[in-house]
Structures are given as structure tokens and as C-alpha cells.
1. Given only helices, namely DSSP H runs of n ≥ 4 each adding -39500 (n - 2.57), what is the per-residue ellipticity at 222 nm of the chain, to the nearest 500 deg cm²/dmol?
2. So what's the angle, to the nearest 10 degrees on a 0 to 90 scale, between helix 142-152 and the longest Cα principal axis of the chain?
3. With a point put 7 Å past each Cα toward its Cβ, work out how far VAL525 is from ARG646 in nm, to one decimal.
4. Which entries in LYS171/LYS242; LYS340/LYS431; LYS355/LYS457; LYS72/LYS154 show an alpha-carbon gap greater than 23 Å?
5. Using only Cα atoms, tell me the angle between helix 571-588 and the longest principal axis of the chain; keep it within 0 to 90° and round to the nearest 10.
6. Just to verify a number: what accessible area does MET613 come out at with the full protein assembly present, 1.4 Å probe, Å² rounded to tens?
7. In the chain, what percentage of the DSSP-assigned beta bridges are antiparallel, given to the nearest 5?
8. Based on the Cβ-Cβ distance of THR151 and GLU212, what FRET efficiency does E = 1/(1 + (r/R0)^6) give at R0 = 22 Å, to the nearest 0.05?
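The values are calculated or read from the model by the stated rules, or taken from the named source; none is laboratory data. Computed from a prediction, not measured in an experiment: that's the story for all the values here. When we count neighbours, we look across all protein chains shown, and the Cβ atoms used for this are built from the backbone with ideal geometry, even at glycine. What goes into the accessible areas is simple: the full protein's heavy atoms, side chains included, and nothing from ligands, DNA or RNA. Shrake-Rupley method; radii C 1.70, N 1.55, O 1.52, S 1.80 Å.
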Amino acid sequence: MSEEIKTMRNVALAGHGGAGKTTLAEAMLFKAGVTNRLGKVEEGNTAMDFQPEEIRKQQSINTSFIKYTHNKHSLTLMDTPGDQNFFSAAKTCFPVADSMAFVIDGVSGPSAMTEEAAVSALEYNLPGFVIINKLDRERADYSTSIEACKTALKKKIVPICYPIGAEDNFKGFVNIISGQAFVYDAEGKSSKIDVPSDISDDIEMAKEEFIENVAELDDDLLEKYLEGEEITQDEIKAVFRKGIQDAQFYPAICCSATKMIGIDMIFDIITDYMPSPLDRGDWIAKDVNGEDVVISPDPDAEFCGFVFNTIVDPYAGRLSLFRVISGSLGKEGNVVNTTKDTKERFSQLLYIAGKEQKPVTRAVPGSIVAVAKLKNTLTGDTLTEGKDIQIPAPKPMPPVISFAIAPKEKSDEDKIHEAVRKILEEDTGLKLQRNEETKQTILSGRGLVHIEVTAEKIQRKFNVGMGIETPKVAYRETFKKKIRVQGKHKKQSGGHGQYGDCWIVLEPLPKGSGFEFVDKIVGGVIPKNYIPAVEAGVTEASRNGILAGFPCVDFRVTLDFGSYHSVDSSEMAFKMAGTLAFKKAAVDAKPTLLEPVMKIAVKVPEDSTGDIMGDLNSRRGRVLGMDSEDDKQIINALVPMAEILRYAPDLSSMTGGRGTFTMEFEQYDEVPGDMAKKVIDRVNAENEENK
Ligand code: GDP
């Protein structure tokens, strides 16, 4: 059984959207004989991008899985989305890959998302390799791309191919390890040729550099190299393989996915050098006390699996994708979800092949499989045979932009909430909240496109239309002047009368104090049992401030005098008196509009800092200071929420996708005069319209 694990390879394809991952996966399927025609992204017929949103956008939105056999090896490829809107779907898959293939656009080089994927690879210490793709395109350049990868991937890059021809004339490569040269025909078939004489000097240099790079990894080899002794290919390969598996460097190759140049080299790298689940070795889980527990990829050990992805189908229900970490599973069985502390039963083990799910009878360590209809299991959960351990799940990526959502048809209110809840199960990059103050349901995600695509998915999967709009800002109102007023409610014409009379002092309190009510009634001028009614009247009235109906904060009301009537006074009457008093006081106590202010930390490349600061200033931001982390600058600032509701796309365009930010609520601050007037006029007009 260990042979089965030894020949297993789980590879994540990572890189920028458009670098050619899906095309590459198609070419690999075709070359491996799984498909008999080459799917094209432009024609919407690839095996990997099959969801309608993906076909329309010609872009991966979810991670797709494909499994096939090549040269007695069982390969599972994960084609991960490379757009920042959908990157959380890539991040959840990286921990279950044993290696990563970075697909680089040979024209534009590594992008911000490639850098993000490289951070994940470092985090999980994943070995990997680099595919410089699209080398047939105009202005594509192999060595420039390799240089750029050294910085972007934060790793040593060791080229093992040298291209033959460039751009339109790119036709093959020399394998630096074997010294053999190959060119490809229009069908992507290779033939061996002599190393072209015009590049033979370059190849010698590349070979020298390669051996130097490898020799550095092993003292014995280095000594032989320095002594000028002969080093055999097997010796080099062994050290090279170990260097790759220890993630000391990434080997790099040249490729054109559309011309199918280099695909066989990719197969060889995966089977010869990338790790199997056995090479990957032990995993560390946590027991109930948070202590480390070692889990080995042993098929005879107790079963442990990690759920890394969930797909929601409105008809078939929930599909949970997991990797077997240790032990084995048959086609049906019982497991314990230790994260949720529940038992689960499954009746058919599956594996995912593009859009299809195929039955499988057994899964061993390293297997990436799926089961349908688990009741309580979600992404990030651990499944075991009973042992109470958990595999630490990666933290979901924090949302960066929020929208208010509502059903397009009013009657679909319940339907939309149910649909969004289901979508949240498969997309850990989304977050749903209710803002009671603005009475809006807020859906937050990784970008505008992320939310738009979610709306499309909801329409397609659940047949309900979802509208999205910029969320309302939860303004507040406060007071700047101390004032004493009387609130008197008196109705004594006919029947039982009403009488309540109170004097209150309304005064401002420091920021963040909320609302205080103080009872200073002496001598029973208002009987004790009516005092809570006055407070209730004030509290209720202060929920809708005088300026634009926002809740009032940071003030104190002191009840210090009043009068009552032995027959006509009641709780109702005193509540009314409290309300009247508050409303009267509010007018003259210099009511002021407050806005939420966010603390934002913007992480950007050094050369963007000037632009970012200028932009923050224009958003009424206040820069607090700067820090640096790795090669990036972090700008800390306070910015009014109203100015930053759509910051994510703006930051992305200012930094070429290389900027990230986190944001949290900090405090309420006064809105400057003319700005306040605009907000008040707008909100009052809206309120009038909605009456
Ligand atoms: P992904 O987003 O990384 O999956 O990239 P796709 O596979 O969707 O490719 C994006 C575009 O680049 C498509 O139009 C492909 O046809 C094109 N493309 C991919 N690989 C190559 C290549 O090697 N050469 C050329 N000329 N175009 C390519």
C-alpha cells in the first residue's frame, strides 16, 4: 500500500489569473491521454473552468481538481484561482497540496497574487517549481522572469531548462541536467536534436551555474566540485532532489501551454522531484489540551482527515472535500468530526475530476477525496475515527469590502438569507452580518467582483436575485452644550387627565461614554415610581436624534426637578414628559453629527507610499505612523468610514494589486461642518422618501 502513497503527487497550480494555469492543466490532461481534445479557455470548454461564472469571466473562481495517472504515478492537480477576489479559495487548498507549481506569465512576470501564494508555500514549507509560461508571446523573456521570481517568491530559483528560440520562434529547450535538446512540432510532439551551436556557450554556462547551485547543498559534492572531480548525473540528481524536497530552492523551466512545449518536462519534475505524501511526512495536530500530536501518513494508523473545501449544490447538498492525513477509508463508513464534536456517516467516497464526481472504493494517506451530505461538517474541520485531535485550520482571509445586500423581489427575503448562508459554507472569504443600526444586511468579501460573482452564483444556484449597494454609514449624534429645560405633558380636558412634569439638564460627556441618566430628585417632587418612566422617555427619544434621526451618544441627562398630580399622573405621562424634555433640550444643546472612523493599516511596496499617503489625505485621513515589514511599508492611519467604503479596488489599482490592508473600527469623530450639512440633508431627504 505504501507504493500507492509513494507514487502519489498532490500539486497546487498557483499564480496570477491569466498566467495560463487552466490552459496548462488542459495541456497536461491532453498529453496524459485523459482527454482527446485540447479544451480552450476562450471557447469555454476546459475541464477545469466549467462553472458558468468562470466561463463568462474566462477566469478560475474556485479551485478545480483533476486526477490522472502518468508514468505509474497518480497526480492530483489543483488549479487554484489567481485573482485576489477569489484567492481565499486558493488559500484553503494550499495546506493539502504537497508541492506547488508557480505558473508565471513570461511577459508580465510574477504578480501580487503569485507573491501571496509564495507566502503560503513558505508557511507550509512546501517544495515547488516555477513554470515560465507564454514564452511564445511577444516580449516574453525567460531570464528576466526568472530574475523577477527570485524576489517575488522569496526563494532561490534554479533554472533547469534553457529556451531554444524566443517569442514567435520559441520552439523547445535544452534540459540542463541531461544536456539534451528538444524541439516541438505544431501538435506538441517533441523530437530530440543536437544543442544548437548558437546557444552552446550559454548552455555550458547554465550547466556550470546549475552544478554550482546544487553542489552548494552538499559538502561532499561541493568538495568534489572544487577539486574538479567528475560528478555523476545520479549524484547530482540525488542532491538536487533533496534540495527541492527540503524547499531550499525552486527549479524553473520554460513553457508554452498553448504550443504544448515543456509539458513533458513538467510531468518529469512532478514525478521525479516533487514529494509524495510519504516524503511530506508527519503532520502536527493538537489534542484537547492544545498539545502537539504527531500524525503519520501511515495507512494502517487510525484515520484522520482534514476538510479543506466545501461545495454547495442546491440539489445534491453539501460536498465536503478532505485529505486523508493518516489511516484508510473504505467507500462508506462513520467518522467523528472532532471540531464540531459530532458523528458523521458517509455512504459513498468520491474523487473530483473536473465537473464530475467519481466513486472510489478506498482512500489512503495523501488521497484527496470527497463525501456528500455530511450534516455538520464545514471547511477547516477535522474528521477522525474517534481520537480527539484537530488539525489546525488556516485562518480565513479577512474581508476587505462590504456591501448591503437585499433581495431583488421583496418577497424573497427569507430565500436570500438561506441562499447566502449556504454560499458562506463554501466560501470562507465571505462574511455576513446584520447592522441593526442601519437595518441592513451586510455581506463582506475580498473585492467588488467577489461580491458580484457571489450574487451571480446565488441567482444560478438558488434562483433568487440579490441586489448589492454601498452600505449606509452608521452615523451618530451628540451635543456640545449644557442646557436645562422643562418637559411638561399635561392633558386635563375631560375624563381621566394626564400630567407629567420634569426638568432635566442635558450635558455632553467625553467620547465613548455612551449615555448616562442621573436621578437628583429630592423631596419627592416626582414620586420614585415615575422616575424610570422619565428615563425611558429620554432613552427612547435619544434613539432618533434631532439632526437626521441617528442615535445620540456621549451625553448625560440629570433629572433634578418636576411636579406631579395625585390623580392625573401616570408612568405614561412621565415618559411623555421625558421625551418632550429631551427633544427640547436637543435643539439648543448644539447637536453635532459624528461619523465612524476606522483604523487602517495599509501594506504597500515602498515606491507606492507617497501615492497612498496622498490618497489617504484626500479621504480626510490622518496618518499616525509607518512601520516596515519585509520589503513593504505599513502605513497606519485613521480614516472616516464614509471615505473608505470602496477602498479595496482603489488600493489595488494604485499598487498594481500589491497593496493589502486591514481595517477596524476605532472611534466616532465629529463630521466637519459643511460635510455634516450634506449628510444631514441627504439622509433627511432619503428618510422623507421612505416614509
Ligand atoms: P489562468 O487564469 O492562469 O488559468 O490562465 P488561462 O489558462 O485562463 O489563460 C489565460 C489566457 O492566456 C488564455 O487566453 C490562454 O489561451 C492564454 N495562454 C495560456 N497559456 C499560454 C501560452 O503559453 N501562450 C500563449 N500565447 N497564450 C497562452
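1. -8500 deg cm²/dmol
2. 40
3. It is 5.6 nm.
4. Those over the limit are LYS171/LYS242; LYS72/LYS154.
5. Here the helix axis deviates by roughly 70 degrees.
6. Probe radius 1.4 Å; accessible area of MET613 about 60 Å².
7. Restricted to the chain, the bridges split so that about 80 percent are antiparallel.
8. The pair THR151/GLU212 has a calculated efficiency of 0.60.
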